[in-house]
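Below you'll find the structure, written out as structure tokens, and then a few comments.
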Amino acid sequence: MCSVGDDGDRHMPSNVFVQYYDTKCQKCKLETPIVLLRRKDSYCKDCFLSGTNHKFKSLLGKSKLLRPKDRVLVSYEVGHPSTALLHLIRSGLDLNTPKKLRFEPVFVFLEDQYHLTKDERSQMITRAIAEAEKLKFKMHLVSFAESIMKDDVTIYLNHLNLNDNDGDAINNKFATKINNTNKKEVSNILRRNILLSIAKKLSCKFIFTPELSVDIAANLLTNISLGRGSQVPVDTGFCDDRDKDVKILRPLRSFDKKEVALYNVLHVLEPVTVRQTQDNQYASIQALAKQFINELNENYPATVATVVKTGDKLALDENKVAGNCKLCKGNILKPTEDLTSDESTSFSKLVSNELPDHSISSQERYEKVEGQFEHKAQVDNEYCFSCSKISRFLLSDT
Amino acid sequence: MDIKVQFGGGAELLFDNKKHYDISLPSKEKPWIIGDLLFWLKEHLLKERPDLFLQDNSVRPGILVLINDTDWELMDTVNYEIQLNDCIMFISTLHGG
């Protein structure tokens, strides 16, 4: 993503303000628009809200995965997306038309906001419970730290035991101090595993997570950068079916921030909000990918959709799968005779660390170093490529 | 000129945790535009670091602005001329998990 000498900007459409005062809603062509999406589509209130509802239900409907009476675990996180998700589910359940949602939602708040003080966290939990109650839902509570430490999930109602040092739980998983990228990676994997355990305890066959299109796009770039290319379809697609009993679905993956925030404003919903972390954008690959996507989204709103749609075209050839990774449960590919980029990198490392022996000819030098290199093709791994890089820091496997 | 200013979605955390303000803008020669209001808010009401609210001459990306319940992108954003009794709402999309 080098931008040096990049003169592409002059080919980009300039941001000229278009007069919208007198225009009509793009959909109904009658009402005055109140919102401009993607910098070009203007909608009136009714068309915007019905469009949002339709988008949510059509993605669920099209997948044909959910059956009536299926129990669905909805993972709650503070912020606009979860608030909108709760409301979308409630209005879908309350419908009296054939389009009514017929699954049974179960809500869980897996609390991991360790940048806040104990008081702030306890207030946040109270407000999350209240938010669910307002929509006649019951919120289950699970502590992320406790689940990691006990290696088991305890589900609470109404109250969660909070400790000041909960944030250290994740660090105790590692033998040495590791970088933020790996830490975030492990914490995401653990989070996913804990959600799966909660779903099984509450006998749910599905999990809804509230990622928006920007999160999906950032995740996609992160996965590619971390060597998880083969996991892109499950990690960023609509359905994650790595676990054979519980599927993780991402019903908000085609929504953007503005849509969910406006949905909440128009429905007079106040999302639970917390103090922001002062993240250094260069602290981890995840933070960098997020920053990159957010900036793109701001200047060229079509890009996020392009990234997401491109990701949707990626699929894995099932014939090449050898097994599942012990840590992330992602696919491990069958070893091949071909030289992989992983091996090329190791070869390059080997060559670069070798002191050149000038007493022999360059041909001999090449043969010597090639002889040292072991073609790893036949080695069977317990971990996928990316997790094998993290696993050596972990104290125990999860 | 009296107007209403509202904060939501976490933007209120930058403004003394208060969601509603009734403010009175002093009269000036040129009409008040949203761009002027942003700097007035920064001078008078903003309690946290300005870079969490403003960036260059506009709001920070991720903060939505609604003028009388209409997206400001339909109203020429910072150049909108503020009218008496307007209600201007700032919604943050950045304060989540």
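The values are calculated or read from the model by the stated rules, or taken from the named source; none is laboratory data. All values reported here derive from a predicted model rather than from experimental measurement. Using ideal geometry, Cβ is built from the backbone for each residue, glycine included, and neighbour counts are taken over all protein chains shown.
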Check off (1) without any contact (Cβ under 8 Å) to a residue 60 or more places away in the chain; (2) crowded, with 17+ Cβ neighbours inside 10 Å; (3) not basic (Lys, Arg) for A:HIS140 and give me the number that stays unchecked. (1)
Filter the helices (runs of 4 or more DSSP H) completely within the range A:296-398 down to those with at least 3 residues that are surrounded by 12 or more Cβ atoms within 10 Å (Cβ to Cβ) and within 20 Å of the chain's Cα centre (by Cα). A:302-312, A:385-391
Within the range A:106-114, identify whether any single residue is crowded, with 20+ Cβ neighbours inside 10 Å, in contact with a Leu (Cβ under 8 Å, 6 or more places away or on another chain), touching a residue at least 60 places away in the same chain (Cβ under 8 Å) and in a helix (DSSP H, G or I), and answer yes or no. no
Across the range B:5-39, the tally of residues that are away from every other protein chain (no Cβ under 14 Å) and more than 25 Å from A:THR273 (Cα to Cα) stands at 10
Of everything in the range A:27-36, what is surrounded by fewer than 19 Cβ atoms within 10 Å (Cβ to Cβ), within 12 Å of chain B (Cβ to nearest Cβ) and of a type outside the set (Asp, Glu)? Give them in sequence order. A:THR32
Spot the failing condition for A:ARG121; the list is (1) of a type in the set (Lys, Arg); (2) away from every other protein chain (no Cβ under 14 Å); (3) assigned to a helix (DSSP H, G or I), and only one is missed. (2)
Could you check B:GLN55 against (1) at pLDDT below 90; (2) over 23 Å from A:ARG39 (Cα atoms) and say which number it fails? (2)
Residues in the range A:273-290 that are within 11 Å of another protein chain (Cβ to nearest Cβ), without any contact (Cβ under 8 Å) to a residue 24 or more places away in the chain and surrounded by 15 or more Cβ atoms within 10 Å (Cβ to Cβ) total 1
If I ask for residues that are assigned to a strand (DSSP E or B) and within 8 Å of chain A (Cβ to nearest Cβ), which ones from the range B:47-97 would you list? B:LEU64, B:LEU66, B:THR70, B:ASP71, B:MET89, B:ILE91, B:SER92
Go through the range A:23-87 and tell me which strands (runs of 3 or more DSSP E), entirely inside it, have 2 or more residues that are more than 22 Å from B:GLY8 (Cα to Cα). A:41-43, A:71-76
